[in-house]
Amino acid sequence: MKRTEFILQSLRQNGHRITKARRALIKALLRTKQPVAALELHARISKSKVAIDRVTVYRELKFLADIGVVHPVNLKDNIQRYEIAPVSGHKHHLVCTACKTVKNVNVACADLHNLEALLGKKNNFIVREHSLEFYGLCAHCA
Ligand SMILES: [Zn+2]
Ligand SMILES: [Zn+2]
């Protein structure tokens, strides 16, 4: 089954409606290789001739984030971006500070569990989650 259908099916199973806008948004998110901002998503969906207004895009992104289908990604520039959540866990990113290109990077969350446990122990703190972004320059900008 294609990823789009898989996501739509799980929405249906949880009693959520599949609107044209919702389907278009999920498709557009799956097509992007990197986290994308609401305005950019709105522009891309409009190009594909699906009528959708900005308010709907914001509302849908919030809804999809609340139910865990998308993850919000914060890259320190005050623009909220989103990406489709992977089947399990989350992604880690390499962020180019010059051109804002974002690449997913293969750091297993499990590799951070020792660090989480250590930090927890040292600080008497229960670590529940983490996000991991690396900032620098891509090959094109360096
Ligand atoms: Zn760059
Ligand atoms: Zn992780």
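The values are calculated or read from the model by the stated rules, or taken from the named source; none is laboratory data. Remember, predicted model here, so these are calculated numbers, not experimental data. Don't worry about glycine lacking a Cβ; one is built from the backbone with ideal geometry, like all the others, and counts go over all protein chains shown.
Observations on the model:
- Unique match (being surrounded by 11 or more Cβ atoms within 10 Å (Cβ to Cβ), modelled with pLDDT under 95 and within 16 Å of ALA37 (Cα to Cα)) among LEU75, LEU61, LEU132: LEU75
- Counting only helices (runs of 4 or more DSSP H) that fall entirely inside the range 10-101 and contain at least 1 residues that are of a type in the set (Asp, Glu) and closer than 30 Å to CYS141 by Cβ, the qualifying elements are 38-47.
- Some residue of the range 24-32 being within 14 Å of the chain's Cα centre (by Cα) and within 19 Å of GLU133 (Cα to Cα): yes
- Answer from LYS49, LYS62, LYS100, LYS76 - the residue that is over 26 Å from ALA21 (Cα atoms) and assigned by TED's automatic domain parsing to the domain that holds ILE26: LYS76
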